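First the structure, then my questions, so here it is.
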Amino acid sequence: MAKQLLAFAALPILAGCTTVATQAPPPAGHAATDIPAHVVPVERAQPAWAAPDPEMDRTIDELMARMTIEDKVGQLTLLTSDWESTGPTMRDTYRQDIRAGRVGAIFNAYTAGYTRELQRLAVEETRLGIPLLFGYDVIHGHRTIFPISLGEAASWDLAAIEKAARVSAQEASAEGLHWTFSPMVDIARDARWGRVSEGAGEDVYLGAQIARARVRGYQGHDLGATDTILATAKHFAAYGAAQAGRDYHTVDISERTLRDVYLPPFKAAVDEGVASFMTAFNEYDGIPASGSRYLLTDVLRGQWGFDGFVVTDYTSINEMVPHGYSADLAQAGEQALDAGVDMDMQGAVFMDHLAQSVSDGTIEMAAVDRAVRRILEMKYRLGLFADPYRYADEAREQETLYRPDFLEAARDVARRSMVLLKNEDDTLPLAANTGLVALIGPLGDSKPDMIGSWAAAGDREARPVTLLEGMRANAPEGVRIEQVAGASYRFEDEGSTEGFAEALALARRSDVIVAAMGERWDMTGEAASRTSLDLPGNQQALLEQLVATGKPVILVMLSGRPNSITWADENVAAILHAWYPGTMGGHAVADVLFGAYNPSGRLPITFPRTVGQVPIHYDMKNTGRPIELGEPGAKYVSRYLDTPNDPLYRFGYGLSYSSFGYSPVTLSAPSMGAGGSITASATITNTGDVAGEEVVQLYVRDLVGSVTRPVQELKGFEKIALQPGESRTVRFTLKPEDLAFTRADMSHGWEPGEFRLWIAPSSGAEAATPVTFTLTE
Ligand code: NOJ
């Protein structure tokens, strides 16, 4: 991939944009000239698919010369079919709209047969015969469902994550799809927000790496190959910062936080060649994202050089009216197009108003043409002008869906995603001579819950392997599993004890209890925010009674968010967080419980003790009164009266059936300057007696900056497999650019000074002994 450097070197990153007013002035007493000049230039990536193509230009020029304004607006319109509803409005006229040339793209329609049928309407029954683009929310698998995205992220295994996206693309493209609305690369730091389940968690560095892996997996090396699909980086931008974790709520964050926390995974997606972007529902700095010229044009195209097209989220142009930003839909459409939107998802605002806006002169035809060209170019690059039906191939569909190797990959990724949070006295893995396992809880034998939300065309009823099925299929000879639900996760069942007696009777007869608890599959995902992170329904009450039986209790959590399971942590013997593990989830859970797989997942998001600690993330600031300054319980330090400051489980945390020792860190040099680098290494040894995988994590702390810096930042990680007794030296190389941030004058660069660095099994400096190095002029 060719890279160019954009000469922003001496300029603040905002140069040339229309919202310069948001640029922060230097702090009092600090002239901008005090700030060293180590600016890191913005790299602009040109993906292979964006290479100049004169033949394409000629074809599109000719076509556009024949298009009326109505034809053009049609290309900017994306409508849902009636197969599925993923938003508040439906339009039952999409087939007529296609025939009338009023639609350029369709979502929520798949299968080779149905996409072929709709494509035929566009190609054979419209005047210009322009092929449709078919999109869909293929988020963590298409038919074969992998763990929810947050679960995949917990694997910290980029090859596994890429593989999941690759399989998704193979299945989706075999069903006529060209385009997925994934990856969601929103940083999510508020467990109340239901959409934490859809992203890669709270961290900027991990999030950026995962964004790249997913784009690679979907798009492959060749966008025009019929087994790859266009990826979409969404939701641009800062959607994860919704106030109070309430979905669609207002976002109010600083420009610095936007740039340092929320934007980097989007930039990483651009660098990996992502073909499309989706706007967010929220506002940023008072402007709805779908109307933000700053985000969609100045940053995305101007600074980053994005070459693909921008689609809105579902009716988000229309929503600029209730936001109070647009007086009416016509104005909203003009503002969105002008800001840089190319395609209107489901709102029909462009469809109903854009032609009039052009004839009124409130929007220029050139703006419409620019967007139309971007859409047509992508259709051309997919090969749809050469053969509109090339993805709709029934024979390939037959051979591809639920391929055995795909199911095997889903099982493997699922077990890699699971995080062992507690394992007192080596309760897990279960001994081969365990007699009777009591599997209790609403998630023990529930097919619909296994695949979580946004499970695309995944079958919820028959295919998913439940915990009961998986455990029965994989239990060692002689181990028996009996199951009852016992409790309910429905909010309205809190207080009920229905089913408890039966569950307790089974528990008392058993040797060990596996409590399969958590949330119903649709309690996370879109429009699924909560104010409590507790186990919903009457699960907690049953859990307490199960523990009171005196039998060892293993809690297997199925959930799409961090739950506050502080009581469980103190009282049960073992906890495995299994997310929603997908089609093969039951087998994967069994692999971990019975020791066929040694758990290797690590948390990509902090688990708070209680919802009152939210927002809580590992890379917070120190404050002027850090708790360590006072005696335990001291007043006038930054703390709570009723809860410790630290979380229940840290970012990066997870146990193994093995144990790992870390040597002290060595640095290749005590300092580095411009153009230099430093290598930090540590030797990791498997000190246990089973083979295992460890996620070795590199953290740094920038001690003093022109603005305050986080107490720790992840700057590298590597997942390694070690046999018992085996050692491996892991090396991380850092350059000054890796330590860049948005400085006091809003330029992006690094600053000379002292840094602390440590290599550890999780976040938290106390897990390791830090070394220091200096960044020189
Ligand atoms: C709304 C969601 O926010 C978005 O993520 C999704 O891709 C669209 N609906 C389409 O279903």
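Pairs only if they're at least six apart or on different chains, beta carbon under 8 angstrom, first in the range 265-286 and part of a loop (DSSP other than H, G, I, E, B) and within 15 Å of the ligand (Cβ to nearest atom), second charged (D, E, K, R) and open to solvent by 10 Å² or more (accessible area, probe 1.4 Å); list them, first residue then second.
Sorted first by the residue in the range 265-286, then by its partner, the pairs are ALA280/ASP313; PHE281/ASP313; PHE281/GLU319.
With respect to SER510, determine if the residue is within 24 Å of GLY586 (Cβ to Cβ) and of a type in the set (S, T, N, Q).
Spelling it out, SER510 is indeed within 24 Å of GLY586 (Cβ to Cβ) and of a type in the set (S, T, N, Q).
Every residue in the range 611-636 that is in contact with a Pro (Cβ under 7 Å, 6 or more places away or on another chain), surrounded by 14 or more Cβ atoms within 10 Å (Cβ to Cβ) and under 29 Å from THR772 (Cα atoms), please.
Of everything in the range 611-636, those that are in contact with a Pro (Cβ under 7 Å, 6 or more places away or on another chain), surrounded by 14 or more Cβ atoms within 10 Å (Cβ to Cβ) and under 29 Å from THR772 (Cα atoms) turn out to be ILE616, ASP619, MET620.
Also, quick follow-up: From the list LEU300, LEU296, which residue is more than 16 Å from the ligand (Cβ to nearest atom), open to solvent by less than 10 Å² (accessible area, probe 1.4 Å) and closer than 22 Å to ALA213 by Cβ?
Selected residue: LEU300, the only one of LEU300, LEU296 that is more than 16 Å from the ligand (Cβ to nearest atom), open to solvent by less than 10 Å² (accessible area, probe 1.4 Å) and closer than 22 Å to ALA213 by Cβ.
So which residues in the range 323-345 are open to solvent by 10 Å² or more (accessible area, probe 1.4 Å) and within 16 Å of the ligand (Cβ to nearest atom)?
The one that is open to solvent by 10 Å² or more (accessible area, probe 1.4 Å) and within 16 Å of the ligand (Cβ to nearest atom): HIS323.
With the structure loaded, tell me whether ARG381 is closer than 28 Å to ALA159 by Cβ, open to solvent by 40 Å² or more (accessible area, probe 1.4 Å) and in contact with a Gly (Cβ under 9 Å, 6 or more places away or on another chain) or whether it fails that test.
yes
Now, a different point. Where in the range 39-131 are the helices (runs of 4 or more DSSP H), entirely inside, with at least 3 residues that are out of contact with any helix residue (DSSP H, G or I) (no Cβ under 9 Å at 6 or more places or on another chain)?
By residue number, 54-65, 112-125.
Any chance you could count how many residues in the range 455-508 are among the aromatic types (Phe, Trp, Tyr) and open to solvent by 50 Å² or more (accessible area, probe 1.4 Å)?
Residues meeting the conditions: 1.
So GLU502 fits all but one of (1) among the acidic types (Asp, Glu); (2) outside any loop (DSSP other than H, G, I, E, B); (3) within 16 Å of the ligand (Cβ to nearest atom); what number is the exception?
(3)
Filter the range 611-644 for residues that are touching a helix residue (DSSP H, G or I) at 6+ places or on another chain (Cβ under 7 Å) and either more than 24 Å from ARG709 (Cα to Cα) or modelled with pLDDT under 95 (or both) and give the result.
THR643, the sole residue that qualifies.
Give me a count of the residues in the range 217-255 that are touching a residue at least 40 places away in the same chain (Cβ under 8 Å) and crowded, with 20+ Cβ neighbours inside 10 Å.
20
Could you tell me whether PRO52 is within 16 Å of the ligand (Cβ to nearest atom) and either surrounded by fewer than 15 Cβ atoms within 10 Å (Cβ to Cβ) or of a type in the set (Ser, Thr, Tyr) (or both)?
no
Against the conditions (1) surrounded by fewer than 19 Cβ atoms within 10 Å (Cβ to Cβ); (2) assigned to a strand (DSSP E or B), where does ALA431 fall short? Just the number, please.
Only one criterion is unmet by ALA431, namely (2).
Still on this structure, I have one more. Is there any pair linking a residue in the range 522-536 that is within 16 Å of the ligand (Cβ to nearest atom) to one that is acidic (Asp, Glu), with Cβ under 7 Å and at least six apart or on different chains, and which?
GLY525/GLU198; GLU526/ASP247; ALA527/ASP247; ALA528/ASP522; SER529/ASP247
The values are calculated or read from the model by the stated rules, or taken from the named source; none is laboratory data. Here the structure is a predicted model, which is why all the values come from computation and not from measurement. Cβ atoms come from the backbone with ideal geometry, glycine included; neighbour counts cover every protein chain shown. Each accessible area value is taken on the protein alone, full model and side chains, heavy atoms only, with ligands, DNA and RNA left out. Shrake-Rupley method; radii C 1.70, N 1.55, O 1.52, S 1.80 Å.
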